[in-house]
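The values are calculated or read from the model by the stated rules, or taken from the named source; none is laboratory data. Model, not experiment: these values are computed from the prediction. Positions of Cβ are generated from backbone atoms using ideal geometry, with glycine treated the same way; all protein chains shown enter the neighbour counts. Just so you know, the surface numbers come from the protein's heavy atoms only, side chains and all, with ligands and any DNA or RNA stripped out. Shrake-Rupley method; radii C 1.70, N 1.55, O 1.52, S 1.80 Å.
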Amino acid sequence: MIIRMFKLRLLNAVAPAYFFSATAVTFIFHFCFFIPTIFQSPGISLRVSTVIHTAVFLYLMLNALGNYVMTIKYPAESANETVIPACSADCSDKIDAHYLLNGRHFCKLCKKVILRRDHHCFFTGNCIGNKNMRYFIMFCIYTSCTCLYSLVLGVAFLTVEYNISFENPLTFLTLLPLSTGYFFLGVISGLQFFLVLMLYVWLGIGLVCAGFCCQQVLLVARGQTYCQMKRGQLVESCSSWKDNLSDVFGSHWAVGLFLPVQTVEAFSGEVAAHHHKHD
Ligand SMILES: [Zn+2]
């Protein structure tokens, strides 16, 4: 149990560090390599496309980071519960949270009572519940878009700079083993090898985030949480999917799709918790 908690705490510290390093690396690749190389010719149309690509990248990146901050800024914790259940050394709860009544959980990592807890997100180091679920979903969407966009520009960069053709779909499969071999033979530089690795990182994160986001939206529409799904407690929600979605996304949901702003009313968390008292 102690080792398990230690591992979880370690992950809680390593995952945000990984997130910020990957963000910094993506930033550097875009502005030091991709944008100057792909759009280097001094034509008017090329200058316009440089501005467009920079704007699109910054927009996606700022939305991902903005929603990341909002997820942490508006935690799903219960404001009026100060008494926390003590966890004994021989606690039988194998998962990272105690299950309390009325959809509330005590997260052992956050050490807080969380309303309508969905899961503990290691990348933000916070629990995801009813209040920050909307920011978390938008964070996943924009992270996925940023990664896939970086992947496209990365492929364009390899094509322009090193004449690697991606016309054959198999190129992407053979790129990593070939680059690894070339790197150890000293044919390509460490930077080139690192870029190839980043292509796979972007592809992986992009696909995982997109899939995770779809799962979360479906769960929210059904009025369920990931916690309930894990415990096999999926039951038909009494409210319609529209009500379930507006419960999480708030009344100004459309604005929230494009900007990382607060769209969920501050009190809605307590109201939602009250609604779900019969859970
Ligand atoms: Zn937590």
Taking the condition closer than 30 Å to residue 196 by Cβ and either of a type outside the set (D, E, K, R) or at pLDDT 95 or above (or both), does residue 15 pass? yes
Return yes or no: is residue 159 without any contact (Cβ under 8 Å) to a residue 24 or more places away in the chain, surrounded by 14 or more Cβ atoms within 10 Å (Cβ to Cβ) and of a type in the set (S, T, N, Q)? yes
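Yes or no: residue 60 at pLDDT 85 or above and touching a Phe, Trp or Tyr at 6+ places or on another chain (Cβ under 8 Å)?
On the way: at pLDDT 85 or above: yes; touching a Phe, Trp or Tyr at 6+ places or on another chain (Cβ under 8 Å): yes.
Spelling it out, residue 60 is indeed at pLDDT 85 or above and touching a Phe, Trp or Tyr at 6+ places or on another chain (Cβ under 8 Å).
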Taking residue 224, is it among the polar types (S, T, N, Q) and closer than 15 Å to residue 134 by Cα? yes
Residue 29 vs. criteria modelled with pLDDT under 95, in a helix (DSSP H, G or I) and open to solvent by less than 60 Å² (accessible area, probe 1.4 Å): yes
A careful count of residues in the range 186-228 that are open to solvent by 40 Å² or more (accessible area, probe 1.4 Å), part of a helix (DSSP H, G or I) and closer than 21 Å to residue 246 by Cβ gives 5
Here is a check on your reading of the model: is residue 166 surrounded by 12 or more Cβ atoms within 10 Å (Cβ to Cβ), modelled with pLDDT of 85 or more and among the aromatic types (Phe, Trp, Tyr)? no
Write out, first by first residue and then by second, each pair whose Cβ atoms fall under 7 Å of each other, whose residues are 6+ apart or on separate chains, and whose first residue, in the range 117-132, is touching a residue at least 24 places away in the same chain (Cβ under 8 Å) and more than 24 Å from residue 246 (Cβ to Cβ) while the second is within 10 Å of the ligand (Cβ to nearest atom) and among the aliphatic types (A, V, I, L, M). 120/109
